[in-house]
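The values are calculated or read from the model by the stated rules, or taken from the named source; none is laboratory data. Model, not experiment: these values are computed from the prediction. Positions of Cβ are backbone-derived with ideal geometry, glycine not excepted, and every protein chain shown enters the neighbour counts. The accessibility values were calculated without ligands, DNA or RNA, using every heavy atom of the protein model including side chains. Shrake-Rupley method; radii C 1.70, N 1.55, O 1.52, S 1.80 Å.
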Amino acid sequence: NGEQKSLIMIFGATGDLANRKLFPSLYRLFRKGLLSDRFAVIGVARRPLTNEQFQENVKKSVVEAGENAGGIAEFASHFYYHSHDVTDSASYAALKGMAKELDNHYGLGGNRIFYLAMAPEFFGPIALHLKSDGLTDVQGFKRLVIEKPFGHDLESAIELNEQIRTAFSEDEVYRIDHYLGKQMVQNIEVIRFANALFEPLWNNRYISNIQVTSSETLGVEERGRYYETSGALRDMVQNHMLQMVALLAMEPPIKLTTDEIRSEKIRVFRSLRTIEGEEVSNYFVRGQYGAGTLDGKEVPSYRDEPNVDKNSNTETYVAGKLMIDNQRWAGVPFYIRTGKRLGAKSTKIIVQFKDVPMNLYYQPNKPLNPNLLVIHIQPEEGITLHLNAKKAGQGMDATEVKLSFANNAINEMNTPEAYELLLYDCMRGDATNFAHWDEVALSWSFVDKISDAWESTKDESFPNYEPGSRGPAAADELLSKDGFFWWRVR
Ligand code: BG6
């Protein structure tokens, strides 16, 4: 397919993301025949490397990602390296010359993808240079792929966006939220809109609450410096968690086009109830992990991690209650929680339906279970529907049964990685699974009010949860005061 021919420039080509995700993902696309021969990659980074050294790195990262590595020499031969100074126009001029040559050599039609896989402080300056030094004067398409964090708050996000938009139009900007590349996140809309069973019930008349959990066992690892300026709210809630909520809550789009889907998601963000000032503590809970043992290993407290302040007030856990004030969702809480150093690495969505109006199967101390729809995002991928059915044997007692579909058991193949899908989407020019500027801006303005409240008051209870636990006790109270609890389902 000729459309996918493009020159991809990866800024930050010696970094972690490029090596762990981007090269292996490109390789998988190559193996599936989705790249054709008409692609070339220029790795851009500061340190001096020859093309050969760079190609060796690429091969190594593919092998380390556990790929079988057939055709790897041919794949790697499409990779070139440019040692770059991000502030120097001469360096951009050299890059431009190289791009032009490769464009001719591979017949790429002047199509260019600029992938910024590096520290956010360089995003703006690079975008400005790409324009002023002529790299964005192209014959074909030009697209910018940008990693998070997209700003630190609304103000810095606006500033960054303005810099980017001098060189690229909104249509040309692909803001990565890697959760949108996950198979089961993409499945939310199909489960909702392709099943007569769900969409008619998908509202405040039949749904009692929705719970979205993304827990991790890892701590902050080597990222203390970044994480201190971020915390779980900016790192996970502003992007991944709110994106999942938007997909769960949006109205059915009139068509499955990028613009229609994005505009429905934007309307969800616009209907999010603003929570600020003293209200914050009624809706949000923060936590920070202490020291302890996890999987039999001693692990340090957050405050003892490298590059973290000994008195840090940064949260490593957030639980929150979101209200979407529109006709469909009035009165239905969307509970979210995410944190590091918890008991499991798992992302799940649980939709709890309302109880039947009258329970005919009442037994003392044994309430009827509500229907639950569980969407397993990771590590399992699938859906489980919890129903009630008659217990085998005499009598008419109801008992819970589960209908399960496991994605990975049915499709023998490994499900493609998020980055593989997203890179391919970008090459095809499909921005549906990337965050539009309006989504980013609205989610920052929601999150900023919570961080304002948290930054102005130190949480004296920190550290307030143990490694391997389910987070701070206050997160349970957040639900119990509404008469709910976090479901623990498999
Ligand atoms: C990233 C965050 O965006 O998402 C990390 O910066 C977090 O802190 C990661 O660990 C989680 O992603 P996943 O795909 O492992 O759930």
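Points worth noting:
- Segments classed as helices (runs of 4 or more DSSP H), wholly inside the range 401-490, with at least 1 members that are crowded, with 21+ Cβ neighbours inside 10 Å: 418-428, 437-456, 474-480
- If the condition is being within 11 Å of the ligand (Cβ to nearest atom), open to solvent by less than 10 Å² (accessible area, probe 1.4 Å) and touching a strand residue (DSSP E or B) at 6+ places or on another chain (Cβ under 6 Å), then the range 216-236 contributes only Ala232.
- For the range 343-371, the candidate set comprises residues that are out of contact with any Asp or Glu (no Cβ under 9 Å at 6 or more places or on another chain), aliphatic (A, V, I, L, M) and touching a residue at least 40 places away in the same chain (Cβ under 8 Å); within that set, the residue that is farthest from Gly292 (Cα to Cα) is Val351.
- Scanning the range 245-267 for residues that are hydroxyl-bearing (Ser, Thr, Tyr) and assigned to a loop (DSSP other than H, G, I, E, B) yields one hit, Thr257.
- Matching residues in the range 189-203 - criterion: being part of a loop (DSSP other than H, G, I, E, B) and either open to solvent by less than 40 Å² (accessible area, probe 1.4 Å) or touching a strand residue (DSSP E or B) at 6+ places or on another chain (Cβ under 7 Å) (or both): Phe198, Trp202, Asn203
- Residue count, the range 371-391 (criterion: over 23 Å from His178 (Cα atoms) and surrounded by fewer than 18 Cβ atoms within 10 Å (Cβ to Cβ)): 6
- Subset of the range 328-358 [within 16 Å of the ligand (Cβ to nearest atom), in a strand (DSSP E or B), closer than 16 Å to Trp487 by Cα and not hydrophobic (A, V, I, L, M, F, W, C)]: Arg337, Thr338, Ser346, Thr347, Lys348
To keep it simple, each residue is scored yes or no on (1) in contact with a strand residue (DSSP E or B) (Cβ under 7 Å, 6 or more places away or on another chain); (2) surrounded by 19 or more Cβ atoms within 10 Å (Cβ to Cβ).
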site	(1), (2)
Asp88	no, no
Ala93	no, no
Gly109	no, no
Arg112	yes, yes
Leu135	no, yes
Val145	yes, yes
Asp153	no, no
Leu160	no, yes
Leu180	no, yes
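- Extreme residue, farthest from Thr432 (Cα to Cα), among residues of the range 244-263 that are open to solvent by less than 10 Å² (accessible area, probe 1.4 Å) and within 16 Å of the ligand (Cβ to nearest atom): Val245
- Taken together, the criteria exclude Thr314 from residues that are among the hydroxyl-bearing types (Ser, Thr, Tyr), assigned to a loop (DSSP other than H, G, I, E, B), in contact (Cβ under 8 Å) with a residue 12 or more places away in the chain and open to solvent by 20 Å² or more (accessible area, probe 1.4 Å).
- For first residues located in the range 215-240 and under 15 Å from Ile450 (Cα atoms), partners that are at pLDDT below 95 and surrounded by 17 or more Cβ atoms within 10 Å (Cβ to Cβ) and lie 6+ apart or on another chain with Cβ distances below 7 Å form the pairs Ser230/Pro149; Arg234/Pro149; Asn239/Lys148.
- Members of the range 146-188 found to be more than 17 Å from the chain's Cα centre (by Cα) and either within 14 Å of the ligand (Cβ to nearest atom) or part of a loop (DSSP other than H, G, I, E, B) (or both), listed by number: Asp153, Phe168, Ser169
- Some residue of the range 285-293 being within 16 Å of the ligand (Cβ to nearest atom), open to solvent by less than 70 Å² (accessible area, probe 1.4 Å) and either of a type in the set (Gly, Ala, Ser) or under 19 Å from the mean Cα position of the chain (by Cα) (or both): yes
- Search result, residues across the range 1-53 that are surrounded by fewer than 21 Cβ atoms within 10 Å (Cβ to Cβ), among the β-branched types (Val, Ile, Thr) and not in a loop (DSSP other than H, G, I, E, B): none
- If you check Phe168, Phe141 for being closer than 15 Å to Phe123 by Cβ and crowded, with 16+ Cβ neighbours inside 10 Å, only one passes: Phe168.
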